[in-house]
Amino acid sequence: MLLMILGLVIFLGLHSMQIVEPVRAGLTRVMGEIGYKVVYSIGSLVGLIAIAEGYKAWKYVDGSPILYNPPAFLAHISLLLMALAFIALPAAYLNGYIRKALKHPMLVAVKLWATAHLLANGDAASVLLFGAFLAWAVVDRISVKKRERAGLKAPVDFTPRVSADIAAAAIGLIVYALFVWKVHLWLIGVSPIAM
């Protein structure tokens with residue numbers, strides 16, 4: 001449990017640097033842009049590994065207590081939300097109408113991913129893990145909106161293309177199908193669909 005919490009603090013703390021812009025700017029001034037990115041990347045990787053190992057140990061070795069038992073129909077809603085998350089994720093990097101409509105598709109993808117997993121998992125480890133990511137994404141989105149209104153962050157301006165949306169949907173659905181088929185089982189040890 002403590003390893004997962006430490007990982008969440010490291011990973012989400014580093015990813016919250018843009019929420020507290022003066023901290024990021026100060027660190028960049030001290031370390032330089034490349035130094036900051038190296039520390040950020042290595043720290044994020046360490047945090048992610050600690051989250052994964054801590055979650056696995058808490059849920060599968062120590063036995064995470066059950067807080068609620070999700071009804072079976074929520075698994076279907078979870079699968080639908082995950083399909084949408086997998087489309088939103090590549091849309092963050094492609095200049096399409098999806099990106100324009102969602103404004104910040106990466107954060108939308110994180111919120112969908114976290115919500116989907118909260119609907120399907122009721123144990124304490126899952127609630128803490130996915131609840132933390134959901135809370136972070138909500139706070140980060142509010143922060144982005146405030147910075148844009150204050151003129152500290154310029155909204156990305158582009159001409160949307162339908163081809164970018166087709167690419168986002170194709171990439172997202174192909175990767176989603178692979179995750180449902182085998183990748184989730186291989187990476188996480190659990191199939192997202194009951195056999």
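Order the following by accessible area, largest value first: 62, 157. Probe radius 1.4 Å; ligands, DNA and RNA are ignored.
Details: 62 105, 157 140 Å².
Reading off the accessible areas and sorting them downward yields 157, 62.
Pairs of Lys residues in the range 53-175 are counted when their Cα atoms are under 23 angstrom apart and they lie 8 or more places apart or on different chains; the count is 14. One compactness figure for the chain is 1.11, namely its Cα radius of gyration divided by 2.2 N^0.38 Å. Name the most mobile residue of 160, 71, 90, meaning the one with the largest mean-square fluctuation, in a Gaussian network model of the chain with Cα contacts below 10 Å. Per the Cα network of the chain with a 10 Å cutoff, 71 tops the list.
Solvent-accessible surface of protein heavy atoms, probed at 1.4 angstrom with all chains present, puts 113, 136, 186 in the order 186, 113, 136, largest first. Each residue, residue 145 and residue 24, gets one label point 7 Å from its Cα in the Cβ direction; the gap between the two is 1.8 nm.
For the chain, a crude dipole built from +1 on the beta carbon of Lys and Arg and -1 on the beta carbon of Asp and Glu, taken about the Cα centre, is about 560 debye to the nearest 20.
Would you work out what percent of the accessible area of the range 1-42, with all protein chains in place, is carbon or sulfur (probe 1.4 Å)? Walk me through the numbers on the way to the answer.
Details: 2040 of 2660 Å².
Taking all protein chains in place, the range 1-42 shows 77 percent carbon and sulfur surface.
Accessible area per residue for the range 55-133, computed on protein heavy atoms with a 1.4 Å probe, is 49 Å².
The values are calculated or read from the model by the stated rules, or taken from the named source; none is laboratory data. This structure is a prediction, so every number in the text was calculated from the model and none was measured. FYI the Cβ positions are ideal-geometry reconstructions off the backbone, even for glycines, and counts take in every protein chain you see. For accessibility, only protein heavy atoms count, side chains too; no ligands or nucleic acids. Shrake-Rupley method; radii C 1.70, N 1.55, O 1.52, S 1.80 Å.
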